[in-house]
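The values are calculated or read from the model by the stated rules, or taken from the named source; none is laboratory data. Keep in mind that what you see is a predicted model, and the values were worked out from it rather than measured. All Cβ positions, even for glycine, are placed from backbone atoms using ideal geometry, and neighbour counts span all protein chains on display. All accessible areas refer to the heavy atoms of the entire protein, side chains included, with ligands and DNA or RNA removed. Shrake-Rupley method; radii C 1.70, N 1.55, O 1.52, S 1.80 Å.
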Amino acid sequence: MGLEQQIKDKARELGFDAVGITDAAPIEPAQVERFHTWLDSGHAGQMDYMRRNVEKRLSPGALLVGAQSVVVVALNYKPLVGAGPCACPGQPQGVAPTGPVGRVAQYACYEDYHDFMKPLLHELAVFMRERTAKAMRFKVCVDSVPLAERALALRAGLGFIGRSHTLIHPTLGPQVLLGEIVTSALLRTDEDARCCVSTASTCAGCDRCVRACPTAALRADGRFDANRCISYLTIEHRGAIDPELAARIGDRLFGCDECVLACPYRDAAPSCANERFRFYPDRQRVHLQRILEMAPESFEAEFAGSPIYRLGIERLKRNARICIQNLNR
Ligand code: B12
Ligand code: SF4
Ligand code: SF4
């Protein structure tokens, strides 16, 4: 069996749902242009980290000296239908919360995917090193490393990029989380898979995500304005939120799923079958008054190890106040 197949089998054994391989060349010029247009239009909002390390982000070779290949993995996070009762933290399971509740984006109802995926990718990289050369260099990336993950996943044949701007795997749909190993090992790439995916799956005839977006962050002209995106506003934005946009946040306490939930590729996708990737049903709906009254120690006890923890208690309270205001309208 070839090395590439061994890597793919190992990735699946570790619990990843899809894996593809691409080279470490810079991302395609059309996408570099897309990225710069996005930054220059001010569509990155306060995400200053997107303006730093741009060369690395657009070129794996700049991220790791001597990089030759990138192994890209996808982890399915579509929750099982009816994945547990909607309760709220601190209440016994199955007891419906009283008072207003806020919704949490589905990826954030799992344990923090960064912490989950990184050790597995590290294990995969060690497996690769044992089968290539002791001197094999690598860098494990999940979200926070400056690397254009969707553009690389596209090139590795994992799917296509939809109007929602998400990478959509033809069978797993848009609810996949991405991770990479940038490596000095020279591997055979999945160019062929890429061609199959991009011709077989498209958004043709559909604009459900654009219509579902509550704030028109997904613009009719195909561009994406993060300043208007509820995911950005509730997770990344610091300080007060423009009242016009705050009103559209509705009861979304953390993140937003409307564009991915609307996607027909999601309807057809299987649910996450990885039992080691822990899902917390209680976090789907959170009791808002309780958040407002929460002491820092309780916040830590309840949300450590969750993506929500990265937000901090003050911004979570800001979001809870907005949700309550909207629910009282
Ligand atoms: C900044 C960021 C955000 C920002 C900005 C989102 C954005 N669309 O740019 C905010 C906070 C809003 C956000 C929200 C979400 N995010 Co986010 N985010 C990122 C991050 C860190 C960088 C993304 C980026 O480079 N943006 C800049 C713009 C210009 O890039 P882009 O839209 O991805 O477009 C690139 C390519 O896709 C390509 N491209 C764009 N359009 C087209 C069209 C065609 C036809 C082609 C060929 C190519 C192409 O060109 C661009 C240049 O690389 C990545 C992790 C990473 N390191 O890459 C995660 C990431 C993109 N996020 C992720 C997730 C899960 C989400 C949310 C679903 C979370 C949620 N439920 O709240 C939402 C989805 C919102 C949305 N519709 O995009 C996943 C996406 C997985 C996937 N299947 O696509 C990533 C990859 C994290 C991960 N490791 O899994 N996110
Ligand atoms: S995450 Fe929500 S607000 Fe952001 S683009 Fe998708 S639907 Fe629009
Ligand atoms: S909802 Fe429709 S237009 Fe949007 S990404 Fe999915 S298939 Fe494409």
Subject >> Cα pair distances in the chain, grouped into 10 Å bins until the bin that holds the longest one, percent each >> reply: 6, 24, 33, 25, 10, 2, 0
Subject >> Highest average packing first - 136-144, 293-301, Cβ atoms within 10 Å >> reply: 136-144, 293-301
Original post:
Taking only C-alpha pairs under 8 Å that are 6+ residues apart, what is the relative contact order of the chain in percent?
Top reply: 27 percent
Original post:
What 222 nm value per residue comes from the helices of the chain, counting each DSSP H run with n ≥ 4 as -39,500 (n - 2.57) and dividing by all residues, nearest 500 deg cm²/dmol?
Top reply: -10000 deg cm²/dmol
Subject >> Principal-axis tilt of helix 3-13 within the chain, Cα atoms, nearest 10 degrees >> reply: 20 degrees
Subject >> Percent carbon-and-sulfur accessible area, the chain, ignoring ligands, DNA and RNA, probe 1.4 Å >> reply: 52 percent
Original post:
Tell me, what is the per residue accessible area of the chain in Å², probe radius 1.4 Å?
Top reply: 45 Å²
Original post:
Under a point-charge model restricted to the Cβ atoms of Lys and Arg (+1) and Asp and Glu (-1), what is the dipole moment magnitude of the range 3-327 relative to its Cα centre, in debye to the nearest 20?
Top reply: 160 debye
Subject >> Count of lysine pairs in the chain with Cα separation under 17 Å (8 or more residues apart, or interchain) >> reply: 4
Original post:
Pick from 53, 319, 76: which is most flexible by mean-square fluctuation in a GNM of the chain where alpha carbon atoms under 10 Å apart are linked?
Top reply: 53
**OP:** Could you let me know the centre-to-centre spacing of the range 109-135 and the range 240-297, using Cα atoms, in angstrom?
**Re:** 28 Å
